[in-house]
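The values are calculated or read from the model by the stated rules, or taken from the named source; none is laboratory data. These numbers come from a predicted model, not from an experiment. Here Cβ is always computed from backbone atoms with ideal geometry, including for glycine, and neighbour counts include all displayed protein chains.
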Amino acid sequence: MKFYDKTIPEVEKELQTSTTTGLSKQEAKARLEKDGPNELAAGKKKSLVARFLDQFKDFMIIVLIVAALLSGFVANEWTDAAIILIVVLLNAILGVFQESRSEAAIDALKEMSTPNAHVRRDGVILEIPSTEIVPGDVVLLEAGDIVPADLRWTVAESLKIEESALTGESVPVDKSNETLPKDDVALGDRVNMGYANTSVTYGRGEGIVTETGMNTEVGKIATMLNNADETTTPLQKNLNQLGKTLTIMILAICVIVFVVGVLKADPAQRNSKLMIDMFLVAVSLAVAAIPEGLPAIVTIILALGTQTMAKHKAIVRKLPAVETLGATDIICSDKTGTLTQNQMTVEKVFYNDSLHNNSEEISATNPALLSMVLANDTQIQDGGALLGDPTETALIQYAFDQKIKVEKLLAEHKRVQEVPFDSIRKLMSTVNKFGDKYYVAVKGAPDELLKRVTQIEVDGQVTPISEEQKQNILNTNKDLAEGALRVLGLAYKYVEQPYADPTSENIESDLIFAGLVGMIDPERPEAKAAVAEAKKAGIRTVMITGDHQITAAAIASRLGILEESPDQSHAVLTGAELDKLSDDYFVKHVKDYSVYARVSPENKVRIVKAWQANDKIVAMTGDGVNDAPSLKQADIGIGMGITGTEVSKGASDMVLADDNFATIVEAVKQGRKVFSNIQKAILYLMSCNVGEVLTVFMMTMLGWDILEPVQLLWINLVTDTFPAIALGLEPAEKGLMKRKPRGKNSNFFSGGVASSIIYQGILEGILVLGAYQFGLHVGPHVDNPSMQHADALTMAFLTLGLIQLFHAINSKYIHQSIFRKETFKNKWFNWAILGAAIVMAAVELPFLNKLFDVTELNGMQWLVVILAGFLMIFIVEIVKFVQRRLGKK
């Protein structure tokens, strides 16, 4: 129910309460039993065991487990089975510890609640736990208190509420008890309402509680967090697709090998032993085809990516987020604290009938400066830290930046009287000692101030103010406001002695106009460059803020965000306007808008979903409670580490340690690098596995003896792990951030990777089979067929292993040439290849011959093996050269 459009008596009647006596204790108890405690309900939590079992729902993991069971129970290859299962278990353990669920966000929301609150019951003020507050309670609050529930203000004495975490409003909001119009009013504009978990920064207030617990605005956010869909990252989708593709391929090949092997056999030999032997052949093929180390390798590459990002101040909370960043099409960024500094700053000062920048020198005796400093409640702490209203601290900081000795100024001109600010007259005044006289300093809304001004000071001369001068002041005020500046008017006068009756009517009359001051929460210095760099990378930045439309448009223009919209007149959309658009219309036209102002948490989620409906991968940044649902809905949620609430951090996939928008762009670069390196590792592993499968398949089809399972296992063990991990450590390729986002429907096989896997795997198989044929005709055992055949199998085995290591060099660049100086800059790759080659060749040692069933080769036979490896490099490079010449990217 809306309460902002009801009068106080109507609210009292609706909630059956009284502002003077509050609820009775009996009624409060009854309502507590009916409505429940004033706290947030937690979402359903998963146990540690359930989270662990979730890791095994991945299709690829299921395939690996089946392969392990077949290897062990059918093929009796328990070493192979153990390796596969260890990889699967490690992957599951890493997944459990890296992933974070929404319970952390809900718990953080609970912790934000104030433990106690002051309420009026039976006409007596009581202090009770905030969980016992019920609708109809009358709550009393003062500066420093946290609002314990949603309420309608009945008393608002100079009351200001900090609501940025909920609404995105960059400065505390002046509250009143006036009734608002019945038209829909945005959350941030409901000045007669207070909301749970916001804080009182100034003044005091009383209010009737309208909603508690999950029915509050914060409760609605908690509900959205609990009900938010769990999004599947592009990485998870790609791995699932890869697993399915592999399974179909493996099953097809295994069935063909089994059936052909049985059919080609002599009918007299078609017995159970043949069936078992051919089944073992099919299983060995499955072992060769499945890159059992792939999940672990992907996890390791992602983990290494998180370490690199951490060095760049981006803390990744969920491993797949690393790769998802690289696919980002849209960055939906909160304004306050993310694109801006979340600190009000003086930008323009108008005095002496002219406008001045904040860098221009101003005198300590300038009445505009004096009024800024003296009519100010900011507390200056030891070390220069400022405490107080952001608007007032900005004025003191401006004086500090002007090298004004503020503490000395305040000490010399002690305050003796004051009329505090209130939201009705919109002014604040102080009376300060000034030599043998007293200086009246006034600041507030320019239009209200001018009503009380009779004179103006220009260049030290005080004269009656003319209508022309007043109009000039109003025009200047309008220009500053349209530039998104928050404007205050400044005035003063001298009096002979303090007032006997210091009222607004006495003090704030016959004033001398001193000037105007324009303030804004300025953009971060590095944000504009980051937005531009994102644009070059094909990534669009969209600003989503709870701030006012004019302010949002001005900041977006400064940052270059509005340039993204085709129609500037409709580029900025308010939450109220968005609510009037149908979902179908908005999905079709979401590309027309680059800035959203005065939005609600529901609006933010809707914006993210609209972009996702257009097949865009969306990153959402935010720091407030109001950002949490959209952070969770987005493909990747990015929380702020310094200014962010624990709620927003808990709902995020990644947290910025420096709250720097530029860090997001760097993280995108790292994400793109991670995807590229995973793609290289998959190209390498899959083409090698295709080569292995083709070799065994063709040997079977041709009726040749095939490589034994222990040999296939050794090749996989030596060549699959460390070279693939080393590919994951490759530095970012040049021009990575000049490429367009790869698109939501892309996968690890996109960009020519699938065709490369096929032709490179076939090439590898041909070279291995060629080495086998050479082995039948060269070497010291030409006259001994059985020994010659054993040599040929040994050459095929070593060629298959070493050729994969040569091919790892090809895989460093999917389409670019490896003949460049950067190719061997990755020292980890160099050592991995060298070490793997030594281990692979070690089977030739006498004491390992029998274990791997190989013979000792002579120089000529080794030359054939090594030549096959170099042929792999040169043939692939020739194909890549032809592809580049044909324009394939």
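Brief remarks follow.
- Candidate set: region 844-884, residues that are among the β-branched types (Val, Ile, Thr) and more than 49 Å from the chain's Cα centre (by Cα); chosen: the one nearest to residue 683 (Cα to Cα): 865
- For region 868-887, the criterion of being surrounded by 16 or more Cβ atoms within 10 Å (Cβ to Cβ), within 21 Å of residue 787 (Cβ to Cβ) and not basic (Lys, Arg) is satisfied by no residue at all.
- Region 831-889, residues that are among the charged types (D, E, K, R) and touching a His at 6+ places or on another chain (Cβ under 8 Å): 880, 884, 888, 889
- Any hit, region 582-598, residues being touching a strand residue (DSSP E or B) at 6+ places or on another chain (Cβ under 9 Å), in a loop (DSSP other than H, G, I, E, B) and among the aliphatic types (A, V, I, L, M): no
- Filter result for residue 275 (at pLDDT 85 or above, outside any loop (DSSP other than H, G, I, E, B), surrounded by fewer than 19 Cβ atoms within 10 Å (Cβ to Cβ) and not acidic (Asp, Glu)): no
- Against the conditions (1) out of contact with any Leu (no Cβ under 7 Å at 6 or more places or on another chain); (2) closer than 27 Å to residue 331 by Cα; (3) part of a loop (DSSP other than H, G, I, E, B); (4) not acidic (Asp, Glu), residue 652 satisfies every one except (1).
- Of residues in region 10-23 being hydroxyl-bearing (Ser, Thr, Tyr) and either touching a helix residue (DSSP H, G or I) at 6+ places or on another chain (Cβ under 9 Å) or not assigned by TED's automatic domain parsing to the domain that holds residue 119 (or both), the one surrounded by the fewest Cβ atoms within 10 Å (Cβ to Cβ): 18
Conditions (1) without any contact (Cβ under 8 Å) to a residue 24 or more places away in the chain; (2) polar (S, T, N, Q), marked per residue:
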position: 367; (1), (2): no, no
position: 391; (1), (2): no, yes
position: 395; (1), (2): no, no
position: 404; (1), (2): no, no
position: 432; (1), (2): no, yes
position: 436; (1), (2): yes, no
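- Test: residue in region 561-583 that is within 12 Å of residue 334 (Cβ to Cβ) and crowded, with 20+ Cβ neighbours inside 10 Å: no
- Residues that are among the polar types (S, T, N, Q) and modelled with pLDDT under 85 were ranked within region 632-678; the one that is nearest to residue 601 (Cα to Cα) is 648.
- Scanning region 446-472 for residues that are among the polar types (S, T, N, Q) and in a strand (DSSP E or B) yields a total of 4.
- Output for region 414-433, where each listed residue is exposed (fewer than 15 other Cβ atoms within 10 Å of the Cβ) and assigned to a loop (DSSP other than H, G, I, E, B): 414, 420, 424
- Residue list for region 436-445, filter: within 15 Å of residue 487 (Cβ to Cβ) and modelled with pLDDT of 95 or more: 442, 443
- Verdict on residue 147 being in contact with a strand residue (DSSP E or B) (Cβ under 8 Å, 6 or more places away or on another chain), of a type outside the set (Phe, Trp, Tyr) and closer than 30 Å to residue 649 by Cβ: yes
- There is no residue in region 622-630 that is surrounded by fewer than 24 Cβ atoms within 10 Å (Cβ to Cβ) and either in the same structural domain as residue 535 (by TED's automatic domain parsing) or not in a helix (DSSP H, G or I) (or both).
- Top-ranked residue in region 156-167 [being surrounded by fewer than 24 Cβ atoms within 10 Å (Cβ to Cβ) and in contact (Cβ under 8 Å) with a residue 60 or more places away in the chain; ranked as nearest to the chain's Cα centre (by Cα)]: 160
- Here residue 422 meets the list (1) touching a helix residue (DSSP H, G or I) at 6+ places or on another chain (Cβ under 6 Å); (2) at pLDDT below 95 almost entirely, failing just condition (1).
- Matching entry among 401, 353, 436, 377 (being surrounded by fewer than 22 Cβ atoms within 10 Å (Cβ to Cβ), on the phi > 0 side of the Ramachandran plot, among the acidic types (Asp, Glu) and out of contact with any Ser or Thr (no Cβ under 8 Å at 6 or more places or on another chain)): 353
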